[in-house]
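Notes for the one structure printed next.
What follows draws every value from the coordinates through simple rules; no lab data is involved. As the structure is a computational prediction, the values presented were derived from the model and not from experiment. With ideal geometry, Cβ positions are generated from the backbone for all residues, glycine too; neighbour counts draw on all protein chains shown.
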Amino acid sequence: MKFLKILFSTALLFSANTYASDDVPSLAGKRIAISMTGTSHYFDVKAFQAQVDEVKRLGGIPITLDAGRNDKNLVTQLQTVVTQKPDAVIQTLGTLSVIDPWLKRIKAAGIPLFTIDAPSQYSINNTTSDNYAAGRLLAEQLVKDTGGKGNILVFNGFYGVPVCRIRYDELIKALAEHPGLKVLQPELRDVIPNTVQDARSQVAALLNKYPKGEIAAIWSAWDIPQLGASQALIDAGRTEIKTYGVDGTPEVLDLIQRDDSPVGAVVAQQPVLIGKTAVQNVARYLAGQKDLPKETHVSTLLTTANNLNEMQQLRGDQ
Amino acid sequence: MSTDLSLVGAPTLPAANRWQLKLLRHGASLAFLTILLVFAATAPNFLSPTNLSNVVAQSAILGILAFGLTLVIIGGGSNVVSGGLDLSLAANLGLSAAVYATLNNAGASAASSIALTLACGLAIGALNGLVVVGLRLPPLLATLASMNLIAGLELVLTENTVLPTDSPLLDLLSFGQWLGQPALAWVFLVVALLLTLLTQFSRYGLRLYAVGEYPEAATAAGLPVASYQFSSYLLSGLCGSLASFCSAAWFSGSTTGSGEMLLSVVAIAFLGSVFSQRLRPSITGTLLATLLVGFLVNGFQLLNISSFWVNGVQGVLILLVVASSSLLRGSV
């Protein structure tokens with residue numbers, strides 16, 4: 001079954017790569033605003049750089065905007081971008097309720113709006129991982145590893161960020177079918193910044209409260225809290241508890257390789273391909289191809305210690 | 001506005017020194033003007049009316065918070081350690097916005113949501129006033145402690161999540177326009193005007209300055225120093241909750257991370273004094289400092305320069321404030 005899953009994902013990856021190397025219209029002379037919520041994590045940095053590189057490769061001029069994970073900066077930059085009148089805007093991530101009114105204004109100003117991981121109604125196309133599949137596969141792996149029994153600690157700090165919401169909802173859906181698994185209340189809140197340190201100390205404190213055998217797994221919607229949680233488990237010698245998250249940040253992948261690793265699984269995303277694909281969608285749209293799908297999905301790969309090498313090869317990490 | 005310093009030192013200074021003194025006093029305004037001219041010449045669309053009014057609207061949140069801090073500095077004196085200081089302003093905004101979003105989402109009437117949000121800000125101001133004026137704790141530590149307390153209350157209320165909300169008031173603030181200018185810009189300017197009238201043109205304002213600058217003299221003159229200082233914290237708390245309405249409109253609800261605004265607020269309030277000839281805190285100075293920072297962020301984005309440079313420029317400006325204020329003090 002696992003082999004089939006890998007094979008399936010490999011096929012998807014292959015198709016996405018082929019898609020990306022298609023002839024893409026030029027962006028010569030076009031100014032493309034690349035608006036980032038932040039560039040402090042592996043996913044952001046890779047997706048950001050890929051967008052800049054692809055805009056340049058296609059002959060366009062990138063306008064780079066980075067809100068530094070601060071909502072006030074983000075809203076200000078989205079408001080000012082209307083003044084800049086770029087040929088298109090690509091918004092990466094963000095809490096939808098906060099950014100949507102401002103995305104609406106960008107659309108109202110007649111600037112084509114594209115998004116990454118932000119399924120806004122005002123976006124022409126949203127490039128994203130298939131977070132439904134990612135969330136489901138991750139939850140299934142958790143169920144399988146725990147044998148469908150035990151308590152789970154869940155980090156749910158960013159339910160307002162659509163991709164996190166989808167992954168969380170998929171977890172809850174899977175748990176509904178396995179009543180032996182229970183989410184410990186209250187749920188934990190991951191924070192930005194200091195995500196790793198904060199998750200590490202939250203988990204370290206809870207390990208004292210719950211002795212061996214009382215926690216089966218720790219789940220988070222992305223893998224930076226997972227990194228902190230895993231470090232806390234290693235510190236406390238409690239690697240019988242497994243952690244689950246999404247992104248495929250290199251530090252988490254390093255931990256997977258350890259003997260006695262606390263990392264159960266991480267869904268690896270392909271931020272480079274996501275960034276590249278979003279820019280290519282912009283180029284196609286500006287060249288007159290107006291029939292873009294509302295969403296373009298880039299495949300993910302559920303990564304465990306068993307298939308780490310394949311994942312790294314596929315993503316181009318090695 | 002008073003023009004008192006010229007009475008003290010200028011006549012005894014040689015011409016060259018006088019000229020330097022003038023340059024120091026007007027340096028900030030000149031620098032602001034130069035920055036505006038450079039942006040006007042180089043940044044595309046910088047001078048477009050929409051862009052200019054956007055910057056004013058974008059400055060509302062930080063500006064109103066910085067007004068609160070300015071009032072406290074006026075009343076407590078501008079010494080960073082022993083003078084007036086309110087570090088809880090950003091946390092006040094966070095909690096007030098969360099209170100408003102929670103009440104509004106729970107179906108409370110518009111009037112009661114607004115009143116309770118303002119009451120929340122006032123209560124925080126009263127708490128700060130009590131510990132600083134009543135218990136005589138150093139404002140730096142006292143308001144740092146209340147900041148943590150308030151941030152904790154906000155976490156309890158929001159569980160560190162974004163609380164989206166929508167109300168006619170927020171719609172008006174975020175989408176409303178009057179004479180073609182955005183509502184938030186009007187709110188910012190009207191608050192600035194009212195507070196300027198209060199601090200510069202009322203008996204209360206004159207006395208607040210007296211209490212802050214010469215507490216012993218004010219006491220000797222029979223002014224109730226403690227009451228004036230307490231009132232400055234109340235006003236500051238009120239500014240926190242006023243800013244929270246702007247913030248709730250801006251973010252369509254309450255959002256996390258409001259604490260990050262603190263350093264900008266402190267920087268702006270202290271930067272503001274550089275716009276006054278005597279380097280003393282004033283609402284108009286703070287207004288100009290807020291706009292300066294707003295125009296820097298805006299101009300840098302229009303020029304496609306990373307906004308992180310704004311922090312650097314802000315740092316340089318603050319160093320200039322400190323340097324020029326010590327120079328000025330040395331020259332009189």
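List of remarks:
- Rg over Rh for chain B works out to 0.98, using Cα positions for both radii and the Kirkwood form for Rh.
- For the protein assembly as shown, alpha-carbon Rg relative to the globular expectation (2.2 N^0.38 Å, N residues): 1.06
- Candidates A:VAL183, A:VAL163, A:VAL252: whichever shows maximal mean-square fluctuation once chain A is modelled as a Gaussian network with Cα springs under 10 Å: A:VAL183
- A:LEU292 versus B:ALA111: modelled label distance in nm, points set 7 Å from Cα along the beta carbon direction: 5.0
- The protein assembly as shown: antiparallel DSSP beta bridges as a percent of all, rounded to 5: 15
- Spin-label model distance (nm) - B:LEU149 vs A:ASN151, 7 Å beyond Cα toward Cβ: 3.3
- FRET efficiency, B:ASN304 to B:VAL80 (Cβ-Cβ, R0 45 Å, nearest 0.05): 0.80
- Positive-end residue, the protein assembly as shown charge dipole about Cα centroid, Cβ charges, pick of A:LEU65, A:MET311, A:LEU181: A:LEU65
- Distant-in-sequence amide contacts of A:VAL298, defined by a placed amide H-H separation under 5 Å and a gap of 5 or more residues or a different chain, comprise A:THR128, A:SER129, A:ASP130.
- Cβ charges +1 (Lys, Arg) and -1 (Asp, Glu), total dipole of the protein assembly as shown, debye: 1300
- Among B:LEU23, B:LEU195, B:LEU122, the largest mean-square fluctuation in a Gaussian network model of chain B, built with springs joining Cα atoms closer than 10 Å, belongs to B:LEU23.
- Longest exposed-site-free window of chain A, the sites being GluC sites (Glu not before Pro) in a DSSP loop that have at most 15 other C-beta atoms within 10 Å: A:1-176
- For chain B, averaging the sequence separation of C-alpha pairs within contact (under 8 Å, six or more residues apart) and dividing by the residue count gives a relative contact order of 32 percent.
- The HN-Hα couplings worked out from phi for region B:85-100 by the Karplus form 6.51 cos²θ - 1.76 cosθ + 1.60 (θ = phi - 60°) are 7, 9, 7, 8, 4, 5, 5, 4, 4, x, 5, 4, 5, 5, 4, 4 Hz, whole numbers, x standing for Gly and Pro.
- FRET efficiency for the pair A:ASP254 and A:ASN194, taken as 1/(1 + (r/R0)^6) with r the Cβ-Cβ distance and R0 = 25 Å, rounds to 0.75.
- Dipole magnitude of region B:44-324, debye to nearest 20 (Cβ charges: Lys/Arg +1, Asp/Glu -1, about Cα centre): 600
- Mean-square fluctuations from a GNM of chain B, with a 10 angstrom spring cutoff on Cα atoms, peak among B:ALA248, B:ALA31, B:ALA221 at B:ALA221.
- Cα gyration tensor shape of region A:131-247, rounded if a/c is under 1.5, else prolate or oblate by comparing a/b with b/c: oblate
- Charge dipole of the protein assembly as shown about the Cα centre (unit charges at C-beta), most positive-ward option of B:ASN92, A:ALA236, B:SER276: B:SER276
- Mean separation of Cα contacts under 8 Å (6+ apart) over length of region A:207-249, as relative contact order %: 49
- Cβ-derived FRET efficiency at R0 60 Å, A:LYS212 paired with B:ILE318, nearest 0.05: 0.70
- Look at the stretch B:161-170: the mean tally of other chain Cβ atoms within 10 Å of its residues' Cβ atoms is 3.
- Where a label projected 7 Å from the Cα of B:LEU130 along Cα→Cβ would reach, residues of region B:227-260 with amide N under 18 Å: B:227-238
- A straight line joining the Cα centroids of region A:272-305 and region A:44-104 runs 16 Å.
- Pair B:LEU193, B:LEU141: separation of 7 Å Cα→Cβ label points (nm): 4.4
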